[in-house]
Amino acid sequence: MFQTEDYASALFRAYRPTYTAEELDDFLVNRTKRRRILDAPEQPVIWTLLDESVLRRRVGGSQVMAVQLHKIADMAEAGRLRLHVLPYGVGAHALLQSYLTLMGFEDSAPVAYVEGFLTGNLMDDPALVRASQTAYALALSDALSQQQSLVAVRAAAEDHAHGEQ
């Protein structure tokens, strides 16, 4: 939901190099539709926990990364994103092996979504959701503060902009 079109395109091309231009366009349209939730006046605040490798790995080139990271930082400064970075120095952490999304709702029970290569699993079993929430809390406890994370993201964006990554 935070990805710029150029960043999303570069990611898609990396793991789907044989897809046609039409398939790439369909993918980007779907990504854009998902982002619209962030335009809603209800303004969901999204909490995100980024491994430092996300800031350092050059996806799509230096300028694509600089724009992508500035977008994330701008969203955090606007209050749409609660941003935390897990620095390299932490080493192994509770979420190292997967991508996790936790969702809470006013009118239904929370769910967890775990994503891996070519697969995803939406979990509504309360025990699995609690285990996912615990893993997130453990990883968050190792992360930088929001302010420190914002500084780290902006610094990485500037490094990319100047070709220093």
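The values are calculated or read from the model by the stated rules, or taken from the named source; none is laboratory data. Treat the numbers as computed from the prediction; the structure is a model and nothing was measured. We place every Cβ from the backbone using ideal geometry, glycine too, and count neighbours over all the protein chains shown. These accessible areas exclude ligands, DNA and RNA; they are computed on the full protein's heavy atoms, side chains included. Shrake-Rupley method; radii C 1.70, N 1.55, O 1.52, S 1.80 Å.
Output the residues belonging to segment 60-89 that are of a type in the set (A, V, I, L, M, F, W, C) and farther than 22 Å from Ala139 by Cβ.
Result: Val64, Met65, Ala66, Val67, Ala78.
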Subject >> Where Phe105 falls short, out of the listed (1) surrounded by 12 or more Cβ atoms within 10 Å (Cβ to Cβ); (2) closer than 28 Å to Ala139 by Cα; (3) not hydroxyl-bearing (Ser, Thr, Tyr) >> reply: (1)
**OP:** Spot the failing condition for Ala40; the list is (1) of a type in the set (Gly, Ala, Ser); (2) modelled with pLDDT under 85; (3) surrounded by 15 or more Cβ atoms within 10 Å (Cβ to Cβ), and only one is missed.
**Re:** (3)
**OP:** Give Tyr99, Tyr7 a once-over and let me know the one that is under 17 Å from the mean Cα position of the chain (by Cα), of a type in the set (Ser, Thr, Tyr) and open to solvent by less than 30 Å² (accessible area, probe 1.4 Å).
**Re:** Tyr7
Original post:
Glu77 fails exactly one of the following numbered conditions: (1) without any contact (Cβ under 8 Å) to a residue 60 or more places away in the chain; (2) acidic (Asp, Glu); (3) open to solvent by 80 Å² or more (accessible area, probe 1.4 Å); (4) touching a helix residue (DSSP H, G or I) at 6+ places or on another chain (Cβ under 9 Å). What is the number of that condition?
Top reply: (1)
Original post:
Looking at Leu150, is it touching a helix residue (DSSP H, G or I) at 6+ places or on another chain (Cβ under 6 Å), closer than 10 Å to Val85 by Cα and surrounded by 12 or more Cβ atoms within 10 Å (Cβ to Cβ)?
Top reply: yes
Original post:
Does at least one position in segment 103-112 carry a residue that is free of Cβ contacts under 8 Å to residues at least 60 places away in the same chain, within 18 Å of the chain's Cα centre (by Cα) and under 22 Å from Gln146 (Cβ atoms)?
Top reply: yes
Subject >> Lone qualifier among Ala127, Ala131 - being exposed (fewer than 12 other Cβ atoms within 10 Å of the Cβ), among the aliphatic types (A, V, I, L, M) and free of Cβ contacts under 8 Å to residues at least 24 places away in the same chain >> reply: Ala127
